[in-house]
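The values are calculated or read from the model by the stated rules, or taken from the named source; none is laboratory data. Predicted, not measured: the structure shown is a model, and the values here were computed from it. Cβ placement follows ideal geometry from the backbone for every residue including glycine, while neighbour counts extend to all protein chains displayed. Surface areas here come from the heavy atoms of the whole protein model, side chains and all, with no ligands, DNA or RNA. Shrake-Rupley method; radii C 1.70, N 1.55, O 1.52, S 1.80 Å.
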Amino acid sequence: MRLPRPDDAAARIPSGADLDVPGLSPFTTPNGEFYRVDTALVVPKVDATTWSLQVHGEGVSSPVTLRFRDLLKRRLIERDITMTCVSNPVGGDYVGTARWIGVPLAPLLREAGVRPPSEGGRADQLVARSVDGMTIGTPVEAVMDGRDAMLAIGMNGQPLPFDHGFPVRMLVPGLYGYVSACKWIEDIELTTFDAYDAYWVRRNWSNRAPIKTQSRIDTPKPLASPKAGTVPVAGVAWAQHRGISRVEVRVDGGEWQEARLAAEAGVDTWRQWVWEWPATSGSHTLEVRATDGEGRLQNGERAGTVPDGATGWHSVVVDVS
């Protein structure tokens, strides 16, 4: 398969979006390093020539059946989007950024007659089904509110890898993957949250899960032994669909110091940051916190991932020599 050119290409990534600090995660995550979290014990190997997608259910006046070749004929968009898993702990690596190519989902739903609840639509939940039986429930309002929700067919300039949902996966910026990112998708049913609980909701996870503001220290690593002097403390912060406006670092519980932010590539991507630390000898604890694009400070109270994502400030302990 060769990916067609998108009709609406992604903007060029700003030159200052990648700070090029040793040990810092690159702005774009290579496909082979992109996290994978799903329930498939054996990765489905779907034949694109026989694949099809059904759109049906509440409020669908014109049910749709699409083959893969039909998707390729539709308008394609290309976007840089950061994805995050709800099971990502504070400071975890179940997060990454890729350049995705796909078919916008909202226009397809409107062609089927779907209206969001804010316009009087009957369905408030979109249930996506995978070829392996997984069900993922997504708020219809989020899919149709103008964000770049898509049926993705490409990742970082290549067809979707099998591990990441070939031939087609769903993707909705700003929502954790378990309520938005159905891999190997083959069915979309419009329904309500009252009428149906998707797979993870039946296992005590929240049925609506916007991504929480998080930040992470990539360098120095925990238990590192940098030399005294100027030490770059750097990492990434994310609050998809809201963006990041500020990152701060503190040492040993002292005053918060504002970090330098990389250029913003968009509100749906993470943002790199760096702070030049005048490090002194001894053991020190570094902490980081972020403020989203709407001015809300990251929650510092430590909480686990269940039911709707972890909170807390990431910290590392280093021993300066």
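Observations on the model:
Yes or no, residue by residue, for (1) surrounded by 23 or more Cβ atoms within 10 Å (Cβ to Cβ); (2) polar (S, T, N, Q); (3) modelled with pLDDT under 95; (4) under 21 Å from Gly146 (Cα atoms):
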position: Asp197; (1), (2), (3), (4): no, no, no, no
position: Arg203; (1), (2), (3), (4): no, no, no, no
position: Pro210; (1), (2), (3), (4): no, no, no, yes
position: Thr219; (1), (2), (3), (4): no, yes, no, no
position: Gly229; (1), (2), (3), (4): no, no, no, no
position: Glu248; (1), (2), (3), (4): no, no, no, no
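- Among the residues making up region 144-186, those that are over 20 Å from Thr213 (Cα atoms) and basic (Lys, Arg) are Arg169, Lys183.
- Boolean, Ala152 is buried (at least 24 other Cβ atoms within 10 Å of the Cβ), modelled with pLDDT of 95 or more and closer than 20 Å to Leu3 by Cβ: yes
- Selected residue (criterion: least open to solvent (accessible area, probe 1.4 Å)) from residues of region 52-98 that are in contact with a Phe, Trp or Tyr (Cβ under 9 Å, 6 or more places away or on another chain) and over 27 Å from Asp268 (Cβ atoms): Ser52
For every residue, the table says whether it meets (1) touching a residue at least 24 places away in the same chain (Cβ under 8 Å); (2) under 30 Å from Leu261 (Cα atoms).
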{"site": "Gly16", "(1), (2)": "yes, yes"}
{"site": "Phe34", "(1), (2)": "yes, yes"}
{"site": "Ala40", "(1), (2)": "yes, no"}
{"site": "Val43", "(1), (2)": "yes, no"}
{"site": "His56", "(1), (2)": "yes, no"}
{"site": "Arg67", "(1), (2)": "no, no"}
{"site": "Ile77", "(1), (2)": "yes, yes"}
{"site": "Thr82", "(1), (2)": "yes, yes"}
{"site": "Cys85", "(1), (2)": "yes, yes"}
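One line per residue, one yes/no per condition, for (1) within 21 Å of Asn156 (Cβ to Cβ); (2) not hydrophobic (A, V, I, L, M, F, W, C):
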| residue | (1), (2) |
| --- | --- |
| Ile13 | yes, no |
| Ala17 | yes, no |
| Leu24 | yes, no |
| Pro30 | yes, yes |
| Phe34 | yes, no |
| Val42 | no, no |
| Thr49 | no, yes |
| Leu71 | yes, no |
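- Meets criteria (part of a loop (DSSP other than H, G, I, E, B), modelled with pLDDT under 95 and open to solvent by 20 Å² or more (accessible area, probe 1.4 Å)) for Arg122: no
- Selection within region 298-321 - touching a Lys or Arg at 6+ places or on another chain (Cβ under 7 Å) and loosely packed, with under 15 Cβ neighbours inside 10 Å: Gly300, Ser321
- Matching residues in region 42-87 - criterion: being part of a strand (DSSP E or B) and among the basic types (Lys, Arg): Arg67, Arg79
- Residue in region 250-266 that is surrounded by the most Cβ atoms within 10 Å (Cβ to Cβ), counting only those that are assigned to a loop (DSSP other than H, G, I, E, B) and free of Cβ contacts under 8 Å to residues at least 60 places away in the same chain: Ala259
- Among the residues of region 191-236, those identified as outside any loop (DSSP other than H, G, I, E, B) and under 21 Å from the mean Cα position of the chain (by Cα) are Val201, Pro210, Gln214, Ser215, Arg216, Ile217, Asp218, Ala234, Gly235, Val236.
- Scope region 139-185; condition more than 20 Å from Leu109 (Cα to Cα) and part of a strand (DSSP E or B); matching residues: Gly154, Met155, Gln158, Pro159
- Meets criteria (of a type in the set (D, E, K, R), at pLDDT 95 or above, under 14 Å from the mean Cα position of the chain (by Cα) and surrounded by fewer than 23 Cβ atoms within 10 Å (Cβ to Cβ)) for Arg147: yes
- Subset of region 128-141 (residues that are under 20 Å from Val37 (Cβ atoms), touching a strand residue (DSSP E or B) at 6+ places or on another chain (Cβ under 9 Å) and touching a residue at least 60 places away in the same chain (Cβ under 8 Å)): Ala128, Arg129, Ser130, Val131, Met134, Thr135, Ile136, Gly137
- Subset of region 279-297 [farther than 18 Å from Thr213 by Cα and buried (at least 16 other Cβ atoms within 10 Å of the Cβ)]: Ala279, His284, Leu286
- Residue ID - surrounded by the fewest Cβ atoms within 10 Å (Cβ to Cβ), chosen from residues in region 17-33 that are within 17 Å of the chain's Cα centre (by Cα) and part of a loop (DSSP other than H, G, I, E, B): Pro30
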